[in-house]
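The values are calculated or read from the model by the stated rules, or taken from the named source; none is laboratory data. What you see is a predicted model; the values in this text were computed from it and never measured. We work out accessible area using only protein heavy atoms, side chains counted, and drop any ligands, DNA or RNA first. Shrake-Rupley method; radii C 1.70, N 1.55, O 1.52, S 1.80 Å.
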Amino acid sequence: MTFLEGVEIKAICDIVRFRIDETTQLFKERGLPGPRVYTGSGDAWKRVCEDPEYVIKCGKHVAVDQRD
């Protein structure tokens, strides 16, 4: 999604730290501002939803990709 015009990724969340590291490296390689990172527990996604900048009830678009 980082290559789509008009799309700005503001936050990423994953319980697996190496996925976060790979993703933030991709942002660096493309010269994009790094997103806010949420990781460390199975409840990390709740911190994204509670963050006033991203609160879903404000009408923000949300994309979710779950990989096993």
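Given H placed on each backbone N at 1.01 Å, which residues far from residue 36 in sequence or on other chains put an amide H within less than 5 Å of it?
Under 5 Å from the amide H of residue 36: 11, 12.
How much length is gained on full extension from residue 10 to residue 47, taking 0.36 nm per residue of separation minus their Cα-Cα distance? Please report the intermediate quantities before stating the final value.
Numbers: separation 37, 0.36 × 37 = 13.32 nm, distance 1.36 nm.
Between residue 10 and residue 47, full extension yields an extra 12.0 nm.
Assuming 0.36 nm per residue, please report the length gained on full extension of the stretch residue 17 to residue 65 beyond their Cα-Cα distance. Working shown, then result.
On the way: separation 48, 0.36 × 48 = 17.28 nm, distance 1.58 nm.
Contour length minus Cα-Cα distance gives 15.7 nm.
State in Å² the accessible area per residue of region 15-55; use a 1.4 Å probe, count heavy atoms of protein chains only, and round to the nearest integer. Intermediate results must be reported in sequence, preceding the final value.
Working: 2850 Å² over 41 residues.
Each residue of region 15-55 exposes 70 Å² on average to a 1.4 Å probe.
Along region 23-29, what does the Karplus equation 6.51 cos²θ - 1.76 cosθ + 1.60 (θ = phi - 60°) give for ³J(HN,Hα), rounded to whole Hz, x for Gly and Pro?
After applying 6.51 cos²θ - 1.76 cosθ + 1.60, I find 5, 5, 5, 4, 4, 4, 4 Hz.
Going by amide H atoms built from the backbone, whose H comes under 5 Å of the H on residue 54, apart from near neighbours?
none
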